[in-house]
């Protein structure tokens, strides 16, 4: 059987002027991930490579280009799971990490836990030698403009979320 | 949110999902992505799923594992994905999208929202889409 890799870039609204960038991004990611297979990599290697590719692409809401919190910051989540033994790693509410999916894989491979969050995840990243990046490097003009536009003055951060897509 | 599912030539499956969450979210708000069974699931006895969409809705229906349950009952990747998405839509009024693969290399990219950017590589062929029907 030949390997198969399928990627998505999110199910939220994509403005027409960004559609081409999104399409180009998912095609580039699936090629990057599939190349891992031809180099003898595993399914975990392939999905992590494809997701890293999209985290680095500012067209997508992950890594660089993430949407901003009510306070104008970046808080990211990621998950990896290996079907062979159901091992899994996840991180949540991490801020100064360029590739959260890489840190999630380290949780899977270097700890007996499944998920590390916030400050604990940041401390683990430092232990693992994962370079911290300035939040500013993860924020794009587009994500900042959307944040400004979306923030109704005095809006309740929860209510204004209704109907939003992650 | 971005995600990927894969099956290698020996039938080993895996999934990965990553997100910045939702715009203007409360600090500390965590959605489906890092939660096993919701943001993604992978099991060599069935297949793998990666999800995106309304995080709280995906969490409530445990969407990724829900889809694999349908596949365990013999449904195709496409039927199982559509059943999971329609369950989420009817039960908790949530919209979203999923990419799904089984251990024999069958795959699908399905969504109940208006659009989802996706791409697939299999048999040296590239497939992609954004709008319904693509």
Exercise. Please work out if residue A:81 is surrounded by 18 or more Cβ atoms within 10 Å (Cβ to Cβ), at pLDDT 95 or above and within 17 Å of residue B:25 (Cβ to Cβ).
Key: no
Quiz item: Which number in (1) at the interface with chain B (Cβ under 7 Å from one of its Cβ atoms); (2) exposed (fewer than 15 other Cβ atoms within 10 Å of the Cβ); (3) assigned to a helix (DSSP H, G or I) marks the one condition that residue A:109 misses?
Solution: (1)
Quiz item: Before we move on, is residue B:33 at the interface with chain A (Cβ under 7 Å from one of its Cβ atoms) and either surrounded by fewer than 20 Cβ atoms within 10 Å (Cβ to Cβ) or not in a helix (DSSP H, G or I) (or both)?
Solution: yes
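Return the total of residues in the stretch B:115-134 being part of a loop (DSSP other than H, G, I, E, B) and within 7 Å of chain A (Cβ to nearest Cβ).
Of the stretch B:115-134, the ones part of a loop (DSSP other than H, G, I, E, B) are B:123-124, B:132-134.
Going one step further and asking which of them are within 7 Å of chain A (Cβ to nearest Cβ), we end up with B:123.
Qualifying residue count for the region: 1.
Has the stretch A:62-75 got at least one residue that is farther than 21 Å from residue A:145 by Cβ, crowded, with 23+ Cβ neighbours inside 10 Å, free of Cβ contacts under 8 Å to residues at least 60 places away in the same chain and in contact with a helix residue (DSSP H, G or I) (Cβ under 8 Å, 6 or more places away or on another chain)? Break it down stepwise before answering.
Keep residues of the stretch A:62-75 that are farther than 21 Å from residue A:145 by Cβ, which gives none.
Looking for residues that are farther than 21 Å from residue A:145 by Cβ, crowded, with 23+ Cβ neighbours inside 10 Å, free of Cβ contacts under 8 Å to residues at least 60 places away in the same chain and in contact with a helix residue (DSSP H, G or I) (Cβ under 8 Å, 6 or more places away or on another chain), one finds none in the stretch A:62-75, hence no.
Provide a single number: the residues in the stretch A:50-92 that are under 23 Å from residue B:65 (Cα atoms), assigned to a strand (DSSP E or B) and at the interface with another protein chain (Cβ under 7 Å from one of its Cβ atoms). Walk me through how you get there before you give the answer.
Step one: list which residues in the stretch A:50-92 are under 23 Å from residue B:65 (Cα atoms), which gives A:50-51, A:62, A:76-92.
Checking which are assigned to a strand (DSSP E or B) leaves us with A:76-82, A:87-92.
Retained after the next criterion (residues that are at the interface with another protein chain (Cβ under 7 Å from one of its Cβ atoms)): A:76-82, A:88, A:90-92.
Count: 11.
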Quiz item: Of all residues in the stretch A:16-36, which are surrounded by fewer than 16 Cβ atoms within 10 Å (Cβ to Cβ) and within 12 Å of residue B:116 (Cα to Cα)?
Solution: A:19
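Select from the stretch B:55-77 the residues that are more than 12 Å from every other protein chain (Cβ to nearest Cβ) and out of contact with any helix residue (DSSP H, G or I) (no Cβ under 7 Å at 6 or more places or on another chain) and write down the one among them that is surrounded by the fewest Cβ atoms within 10 Å (Cβ to Cβ). Give the derivation first.
From the stretch B:55-77, those more than 12 Å from every other protein chain (Cβ to nearest Cβ) are B:60-62, B:66-67, B:69-76; that's our starting set.
Within this subset, residues satisfying the condition of being out of contact with any helix residue (DSSP H, G or I) (no Cβ under 7 Å at 6 or more places or on another chain) are B:62, B:69, B:72-74, B:76.
Working: B:62: 19, B:69: 14, B:72: 13, B:73: 10, B:74: 8, B:76: 14.
The qualifying residue surrounded by the fewest Cβ atoms within 10 Å (Cβ to Cβ) is B:74.
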Quiz item: Of B:52, B:100, which residue is touching a helix residue (DSSP H, G or I) at 6+ places or on another chain (Cβ under 7 Å) and either in contact (Cβ under 8 Å) with a residue 12 or more places away in the chain or buried (at least 24 other Cβ atoms within 10 Å of the Cβ) (or both)?
Solution: B:100
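Of everything in the stretch A:18-43 that's farther than 17 Å from residue B:13 by Cβ and not in a helix (DSSP H, G or I), which residue is nearest to the other protein chains (Cβ to nearest Cβ)? So that I can check it myself, show each step before the final result.
Residues of the stretch A:18-43 that are farther than 17 Å from residue B:13 by Cβ, as a first pass: A:18-29, A:31-32, A:35, A:38-40.
Those still in the list that are not in a helix (DSSP H, G or I) too: A:39-40.
Values: A:39: 12, A:40: 10 Å.
Checking each candidate, the answer is A:40.
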Practice problem: With the condition kept exactly as written, say whether any residue in the stretch B:3-17 is under 26 Å from residue A:13 (Cβ atoms), modelled with pLDDT of 95 or more and in a loop (DSSP other than H, G, I, E, B). | Solution: no
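Considering only residues that are without any contact (Cβ under 8 Å) to a residue 40 or more places away in the chain and either within 20 Å of residue B:128 (Cβ to Cβ) or part of a strand (DSSP E or B) (or both), which ones fall in the stretch B:70-97? Spell out how you get there, then give the answer.
In the first step, residues of the stretch B:70-97 are kept if they are without any contact (Cβ under 8 Å) to a residue 40 or more places away in the chain; the result is B:70-93.
B:77, B:78, B:81, B:82, B:85 - these are the residues of the stretch B:70-97 that are without any contact (Cβ under 8 Å) to a residue 40 or more places away in the chain and either within 20 Å of residue B:128 (Cβ to Cβ) or part of a strand (DSSP E or B) (or both).
The values are calculated or read from the model by the stated rules, or taken from the named source; none is laboratory data. This is a predicted model, so every value here is computed, not measured. Ideal geometry is used to build each Cβ from the backbone, glycine not excepted, and the neighbour counts take in all protein chains shown.
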